[in-house]
Each structure stands twice: as C-alpha cells, then as structure tokens.
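Worksheet: one structure, shown below.
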Amino acid sequence: METGISILSSDKMGDEPHKAVYLLHGLCGRSGDWLDYTMLPAYANEYNAIFIMPEVARSFYSDMKSGPKYFTYVTEELPKICKKTFNISEDRNDTFIIGASMGGYGALKCALSKPGQYGTCCAFASPCLFLKNDLQRCGGALKFKEMYGDSLFRDFQAIFGESMHLNPGDDVLELAEDNAENPDKPRIYMSCGKEDRLLDDNKKYYGLLKDLDYDIEFEELDGNHNWQYFNEALERALNHCF
C-alpha cells in the first residue's frame, strides 16, 4: 500500500529496545500534523520511544469497501515494517496507540480489536463512539447526508458501502463489551475539551467502560476541538503512559 508515514525518536535513546508510540491523525489531517502543530519534538526527548505517525486519509482507520485496507495497514503491516527497521520492544506494555478526533476513534478501535498488541490507548475528543446507534438513528443513508453533510456522507459510503452497513469491528462500544473479560484488555486514557460538542459522548463512553471494569481515566480539559487542546492532551497522555 502506498501511504505516508512520519517517524520521530529521541536524541537520548540508548541501546535497549525502544517503546513504540503510534500517533493517529484526525479527519482533516495528515501524518505530519503532530510534528507541525504540537510540541511533540520536545516531548519526545523525554522518552526512550519511537513515535510512528501513519497516513490514512479520511478512512476512519478502516478496511474500506472502496479504498485501501487502512486498519490492516496500521495494525498489522506497519508494526511488522517498524520492528524490522527499528529496535522496538516486543512487550505489549511498551506499545502505545494515541489519537485525536478521528484518530481517537481509530486508537480505540485498534486497541480494542487487538488488545494483546497494545498496552495503553489514549483517545482525545473521539467521534463515532456510538456509531451503530448514530447510523440507526439517521434511518438510512440519505437521512445521514441531510444530517452530516455531503463530504462525510461520501466518506462513509467509501468506508462502509453505499448502504452504510458497518464492517465487523467498527463499533468501539461493541468491541469494548466483547473484551470486557479479556485479561489483556488495554489501559485507556481519554480526554475532551470542555467546550467540545463531543464532550457528552466521551463522558458517556468513559462511564460505560468504567462499568465494564476497564482500567480507564478521563479528563475534561479547557478548550475546544483544536490543536491548542490536542497539544495539552498529548503532553498529559504521555505523562500518563510513561
């Protein structure tokens, strides 16, 4: 698959196996956003870790019906490539997946789909936490277009097909329920801006996962759905992970 990727590592890394942090971008973003719009280059120097930032366009980290298999790329192909190229630890507790907005949804989907692969998941201002309910509430593809606009309508048709039936494993609530008894379920850190319209859904999702006995933490931070908030969320998440 042809796709972009950005890689960053600390100047202070030693010879021991490195931790891996997969950083996922948002819907209107690209792999380089974390480098361009946050203090990641400064934060990275504090940790013995490689930061891996894949490019997935507007795919919602899915194996698309009409497009590339981005979920397979991020969770299977990319880790194999990186482990062959870099001295990365094989321990799941040394593997983190972090995302903002669409990337937050993607981080949850990856970690809950492959809990034996990721020790910790961090998700900032995540959309689509109740995706199946949202699509059912719309009552069909055309109603979805009226509610959410033509651009997202086309995105979802490319991902899920013209009738927009979910692919298996795309509903992160069902994934969380399926893994509730899994001893390898990931630690989860979530946050959302106090002014973000997604706050209520994020708080509700946190509450449901808390009830499912996940090791989960949630923070409401000042701010909205923008890079000022995402930068603070990233700094706090890295402190939480390490």
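Read-outs throughout are calculated quantities, based only on the coordinates presented, and are distinct from any laboratory measurement. Computed from a predicted structure; not experimentally measured. Please note: Cβ atoms are built from the backbone with ideal geometry, for glycine as well, and neighbour counts cover all protein chains shown.
Here is how the numbers come out for the structure above:
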| item | result |
| --- | --- |
| P(r) weight above 20 Å for the range 97-208, C-alpha pairs, percent | 42 percent |
| In sequence order, calculated HN-Hα J values of the range 169-174 (Karplus, 6.51, -1.76, 1.60; Hz; x Gly/Pro) | x, 8, 9, 6, 6, 4 |
| Structure-derived Cα extents along the principal axes in Å: which label, when the choices are (i) 69, 37, 31; (ii) 55, 37, 36; (iii) 48, 46, 43 | (ii) |
| Fraction of antiparallel bridges per DSSP, the chain only, in percent to nearest 5 | 20 percent |
| The range 159-242: Rg to Rh, with Rh as the Kirkwood radius over Cα pairs | 1.02 |
| Rounded to whole Hz, the Karplus (6.51, -1.76, 1.60) HN-Hα couplings of the range 67-82, x for glycine and proline | x, x, 8, 6, 4, 4, 4, 5, 8, 10, 5, 5, x, 5, 4, 5 |
| Hits among aspartates and glutamates - C-alpha to C-alpha of Lys145 under 16 Å, sequence gap 8 or more where chains match | Asp134, Asp155, Glu162 |
| Qualifying trypsin sites (Lys or Arg not before Pro) in the range 134-242, DSSP loop, other Cβ atoms within 10 Å at most 11 | Lys194 |
| Amide hydrogen neighbours beyond the local backbone of Leu221, cut-off 5 Å, H modeled | Cys192, Gly193, Lys194 |
| Candidates per trypsin sites (Lys or Arg not before Pro) in the range 11-51, loop by DSSP, up to 16 other Cβ within 10 Å | Lys12, Arg30 |
| Residues Cys121, Cys110, Cys28, sorted so that the one with the fewest Cβ neighbours within 10 Å comes first | Cys28, Cys110, Cys121 |
| Acute angle (nearest 10 degrees) that the helix 227-241 long axis makes with the longest principal axis of the chain, alpha-carbon atoms | 60 degrees |
| Cleavage-rule hits, GluC sites (Glu not before Pro), the range 153-238, DSSP coil, Cβ neighbours within 10 Å at most 11 | Glu162, Glu181 |
| Exposure proxy order (Cβ contacts within 10 Å, fewest to most) of Thr75, Thr85 | Thr85, Thr75 |
| Residue order, fewest to most surrounding Cβ atoms within 10 angstrom, among Ser6, Ser163 | Ser163, Ser6 |
| Between 0 and 90°, nearest 10: helix 199-211 axis offset from the chain longest Cα axis | 70 degrees |
| Amide hydrogen neighbours beyond the local backbone of Tyr22, cut-off 5 Å, H modeled | Ile52, Phe96, Ile97, Ile98 |
| Interchain or long-range residues, amide H under 5 Å from Ser10's placed H | Ala49 |
